[in-house]
Amino acid sequence: MISPAPTPKIPQLWVPLPSGIHPSWREIDERSAAWLDRFGLYADRTQRERLQRISVGEITGRGAPAGRPAALQWTSDFLMWLFAFDDEFCDEGPVAASPDATLLIVTKLQRVVEVPWAAPVDDSYSAALRELRLRLDDLTTPVQTARWAASFRAYLQGQIWMAANSAHGRIPSLSDHLTVRLDSSGVKIFSTLSEIIHGYDLPAAEYERHDVRAFVEVFAAIIGWSNDLISYHKERRRSQEGYGNIVDLIAYEWKCSIDEAVSETARMHTRAMTLYLRLRDQILRAAGPELRRWIADCDFWIRADYDWSLTTSRYVNPEDPADLPVGSAASPFQEREADQPLPIAGIAWWWALLQDQRPEP
């Protein structure tokens, strides 16, 4: 939501998960910057410089400190595509307020994902996506590709919903927003990347379990809500007017100040993180080796996104600095309430999957 008003101070979030980084992340980052130039995924020189400074190789290296080099490079290039596409079509460009234009773009990109060898490509984004999709076949099994493609299609579909809201001045309920943003934020895609990077298949019988599905949604919520807080400064100054950020939506729906909405978002983040840890331990008790490895990889991605977000120029913005915290908090935000479910209809089912229910105080 564009505004000249000062942006709020963002509190330190509680992210008690391991961190690390691949030793070759700088080289990966340099190659992704060159890949961006190869396809020209930017509207002008200013946007090119912004994208080349965000250190996409760093978040990739943090997400998979022991990943396979070729798969890490593919992931870094793909994330560069996502950031470029998000800026030009989903947040800041005129297409972001046009559901018709968004639908045409999404339909074309979905075809590229399905049959890259036959899909027409007549612009830089579809050409770059086709190159990525063809490279993916050399790195993955059909199961890994299908899982990634499903999450990517859900991301694309979510952009239509966001554009329709913007075009019609429609403000969604907090519950509807939170459920759609699990996909439209692109964060669910992160849960599919570890299999690609490390070369293992998570069995469908485990991945499709209800508790694992809840785990994936909580994973996406933690990263998405953290990102909404950390990116708030950027969005108020560069994005289309609207209610695509949870902070603005909470302030509107609850009729509270932006500072109060920031605190509420941090409280929600803590409750989601507490739930994540409980679900993780519950699932691990009877998990096979692939599921155990995948859960450990999810831990790395959550911490990777948080650590990277606090230092990347995408959000820090040296020319117009954001007021961001340093590092992870030592204890939960509003710790006494950390175990309590969130009374939001669209996501309340997450807590119902817990087998070790704890009584309310």
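The values are calculated or read from the model by the stated rules, or taken from the named source; none is laboratory data. Small disclaimer: the values here were computed from a predicted structure and weren't measured. Quick reminder, even Gly has a Cβ in these numbers, built from the backbone with ideal geometry, and neighbours come from all protein chains shown. All accessible areas refer to the heavy atoms of the entire protein, side chains included, with ligands and DNA or RNA removed. Shrake-Rupley method; radii C 1.70, N 1.55, O 1.52, S 1.80 Å.
Just name the residue that is nearest to the chain's Cα centre (by Cα) out of those in the range 113-144 that are surrounded by 19 or more Cβ atoms within 10 Å (Cβ to Cβ) and not in a helix (DSSP H, G or I). Step by step, filter the range 113-144, then rank; the result is T140.
Within the range 146-161, not a single residue is within 25 Å of P116 (Cβ to Cβ), in a loop (DSSP other than H, G, I, E, B) and either without any contact (Cβ under 8 Å) to a residue 60 or more places away in the chain or of a type in the set (G, A, S) (or both). Note on the range 52-77: among residues that are surrounded by fewer than 21 Cβ atoms within 10 Å (Cβ to Cβ) and in a helix (DSSP H, G or I), the one that is modelled with the lowest pLDDT is Q52. Please verify whether A286 is touching a residue at least 12 places away in the same chain (Cβ under 8 Å), out of contact with any helix residue (DSSP H, G or I) (no Cβ under 6 Å at 6 or more places or on another chain) and among the hydrophobic types (A, V, I, L, M, F, W, C), treating the condition exactly as stated. Judged against the criteria, A286 is not a match. In the range 201-238, of all residues being of a type in the set (F, W, Y) and at pLDDT 95 or above, the one that is farthest from F83 (Cα to Cα) corresponds to F215.
Yes/no matrix, rows are residues, columns are (1) open to solvent by less than 10 Å² (accessible area, probe 1.4 Å); (2) closer than 19 Å to A220 by Cβ:
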residue: C256; (1), (2): no, no
residue: Q282; (1), (2): no, yes
residue: Y306; (1), (2): yes, yes
residue: N317; (1), (2): no, no
residue: S331; (1), (2): no, no
residue: D339; (1), (2): no, no
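Exactly one residue out of I344, I302 is out of contact with any His (no Cβ under 8 Å at 6 or more places or on another chain) and in a helix (DSSP H, G or I), and it is I302.
Which condition breaks for R170 when tested against (1) part of a helix (DSSP H, G or I); (2) surrounded by fewer than 22 Cβ atoms within 10 Å (Cβ to Cβ)? Tallying (1) part of a helix (DSSP H, G or I); (2) surrounded by fewer than 22 Cβ atoms within 10 Å (Cβ to Cβ), R170 fails exactly one: (1).
Being of a type in the set (K, R) and buried (at least 20 other Cβ atoms within 10 Å of the Cβ): is that true of R147 here?
Working: of a type in the set (K, R): yes; buried (at least 20 other Cβ atoms within 10 Å of the Cβ): yes.
The answer is yes for R147.
Just to be sure before I move on: is W294 touching a Gly at 6+ places or on another chain (Cβ under 7 Å) and either touching a residue at least 24 places away in the same chain (Cβ under 8 Å) or in a helix (DSSP H, G or I) (or both) in the structure I sent?
Details: touching a Gly at 6+ places or on another chain (Cβ under 7 Å): no; either touching a residue at least 24 places away in the same chain (Cβ under 8 Å) or in a helix (DSSP H, G or I) (or both): yes.
The answer is no for W294.
Take E264 and tell me if it is open to solvent by 10 Å² or more (accessible area, probe 1.4 Å), farther than 19 Å from E335 by Cβ and among the charged types (D, E, K, R). Against the criterion (open to solvent by 10 Å² or more (accessible area, probe 1.4 Å), farther than 19 Å from E335 by Cβ and among the charged types (D, E, K, R)), E264 does not qualify. Residue count for the range 175-189 satisfying the condition of being surrounded by fewer than 20 Cβ atoms within 10 Å (Cβ to Cβ) and touching a residue at least 40 places away in the same chain (Cβ under 8 Å): 3.
Note on the range 39-51: residues that are open to solvent by 10 Å² or more (accessible area, probe 1.4 Å), more than 20 Å from W25 (Cβ to Cβ) and in contact (Cβ under 8 Å) with a residue 12 or more places away in the chain amount to 6.
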